[in-house]
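Below: the structure, in structure tokens.
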Amino acid sequence: MALIVMKFGGSSVGDAERMKRVANRVVQTKREGHQCVVVVSAMGDTTDDLIDLANQLTEQAPAREMDMLLSTGEQVSVALLSMAIQQFGEQAVSFTGWQAGIHTEEVHSKARITDIQPARIHRALEGGSIVIVAGFQGMTASGEITTLGRGGSDTTAVALAAAIEADVCEIFTDVDGIYSTDPRIVKVARKLQEISYDEMLELANLGAAVLHPRAVEYAKHYNVKLVVRSSFNQNPGTLVKEEATMEQGIVVSGIAYDKNVARISLLGVPDKPGQLATVFGALATEQIDVDLIVQSGVIGGLADFSFTVSLGDLQKALQVIEAIKPKVEFRAATSETDLVKISIVGAGMVSNPGVAAKMFETISALGISIQLVSTSEIKVSCVIDIARQNDVVRALHTAYGLDTSEQAFVGGPQDRR
Ligand code: ADP
Ligand code: ASP
Ligand code: MG
């Protein structure tokens, strides 16, 4: 008998029919003799719809109320799934994040889990129930409901798996596993049998929506056996683990893209010590994360520099920049939003010179200019015009020898985004 955490994403529980299919799958697993803790996301596009609703009422929704609102999506799912499972004649009980003992820091909209007290889950399991937990939510020490950031149900699942020492955490989604890139963009993407925590963490941080970055962090830290597979078929999926065997000759193992990027440029910045510290210090004080930074050479004592922030932080960042203008004395600030950051990732990159050069050549051969670049030991990222995103992802996929002869099988619906 194994203890299994099974997580089902929004599209897997998008309507009553799918909910029944998920219930059936969980019931089969239970009847094979396993104990099951199930984590579910909000149904279909519920979270987006709730955000739209809030935006119709206010420009700047209070973060506390936003969490109160968004956490309802997952509560609908757990209640319905519990009912569906009970229809199959199995015992089931649904829990909110709080009831499941999930505690978070006192931060709204992207709280981190601080600890999990799983006594109630254990009691329910021992009583023979299938336990269903609302993903993406927790509660602070002062009793406030929090959410874990978009896509955060993956993190709920992995953190729970660590807390109850589950044998495996299975993330069921609408594709067959983790691919070399998003199989919805590249039809010849290759499915990976396994991938290392580090590479997956990098891909997730760089925008690969298939796993929430914090879920991968937890899995690595607590050594959780993590599998990503389709909720629409029985195919084996992808195993995320410590060291993955690298395929011969593959230097780049994945390509990710992130549309959540805005560029800010400061033009004509007087070249004197401490300027960068002033700008980024002020942004940090406002909790604004800065990603890529590029500074031009100094001409006539003036420099230009550009950096990226997330779209959600752009307005706030521009206000911060305006406020420090008297101190930094730059000539002008500009911003741009229709951008995407495309990244190549691979542990094999360290020992292979020329990997970045190939990326730049491939992009320039398409007649596209690269706006910002950043590199680390296992990744290179380029920011380009969003209109050319798919062309670049496909060209890079081919250039690094990742195309397969077979079409990627996509298990779920094609029309979501
Ligand atoms: P869920 O609702 O199950 O959490 P998500 O939409 O969050 O599903 O994540 C699954 C989606 O991630 C897929 O439909 C796919 O389009 C996208 N994706 C992006 N990069 C990858 C990748 N490298 N491998 C697989 N899927 C990816
Ligand atoms: N429902 C949340 C979201 O859409 C959490 C999740 O699906 O993981 O972001
Ligand atoms: Mg997700």
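When Gln87, Gln91, Gln99 are checked against the criterion of being touching a Ser or Thr at 6+ places or on another chain (Cβ under 9 Å) and more than 16 Å from ligand 2 (Cβ to nearest atom), Gln91 stands alone in meeting it. Here is the figure for the stretch 212-236: residues that are within 13 Å of ligand 1 (Cβ to nearest atom), assigned to a loop (DSSP other than H, G, I, E, B) and crowded, with 24+ Cβ neighbours inside 10 Å total 1.
Looking across Ser71, Ser94, Ser82, Ser12, one residue alone is within 16 Å of ligand 1 (Cβ to nearest atom) and of a type in the set (S, T, N, Q). It is Ser12.
The residues in the stretch 183-201 that are farther than 24 Å from Leu160 by Cβ and out of contact with any helix residue (DSSP H, G or I) (no Cβ under 8 Å at 6 or more places or on another chain) can be counted, and the count is 7. When the residues of the stretch 148-185 are filtered to those that are touching an Asp or Glu at 6+ places or on another chain (Cβ under 9 Å) and surrounded by fewer than 24 Cβ atoms within 10 Å (Cβ to Cβ), the one that is farthest from Ser41 (Cα to Cα) is Pro183. Test Lys241 against the criterion of being of a type in the set (D, E, K, R), within 16 Å of ligand 2 (Cβ to nearest atom) and surrounded by fewer than 20 Cβ atoms within 10 Å (Cβ to Cβ), and give yes or no. Considered against the rule, which asks whether it is of a type in the set (D, E, K, R), within 16 Å of ligand 2 (Cβ to nearest atom) and surrounded by fewer than 20 Cβ atoms within 10 Å (Cβ to Cβ), Lys241 comes out as no. Among the residues making up the stretch 129-186, those that are within 16 Å of Gly237 (Cβ to Cβ) and among the aromatic types (Phe, Trp, Tyr) are Phe172, Tyr179. Considering the stretch 1-110, the qualifying helices (runs of 4 or more DSSP H), each wholly inside and each with 3 or more residues that are of a type in the set (Gly, Ala, Ser), surrounded by 14 or more Cβ atoms within 10 Å (Cβ to Cβ) and more than 16 Å from ligand 3 (Cβ to nearest atom), run over 63-87.
Taking every residue in the stretch 229-240 that is closer than 11 Å to Gln193 by Cα and pairing it with any residue that is among the hydroxyl-bearing types (Ser, Thr, Tyr) and assigned to a strand (DSSP E or B), at least 6 positions away or on another chain, the pairs with Cβ-Cβ distances below 9 Å are Arg229/Thr173; Arg229/Thr238; Gly237/Ser230; Thr238/Tyr179; Val240/Ser196. The number of residues in the stretch 19-45 being within 16 Å of ligand 1 (Cβ to nearest atom), under 22 Å from Val158 (Cβ atoms) and in contact with a Ser or Thr (Cβ under 8 Å, 6 or more places away or on another chain) comes to 7. Criterion applied to Gln28, Gln75, Gln60 was being over 19 Å from Ala161 (Cα atoms), within 16 Å of ligand 2 (Cβ to nearest atom) and not hydrophobic (A, V, I, L, M, F, W, C), and the one residue passing it is Gln75.
All of the numbers you see were taken from the coordinates with simple rules; none came from a lab. Just so you know, these numbers come straight off a predicted model, no measurement behind them. Positions of Cβ are backbone-derived with ideal geometry, glycine not excepted, and every protein chain shown enters the neighbour counts.
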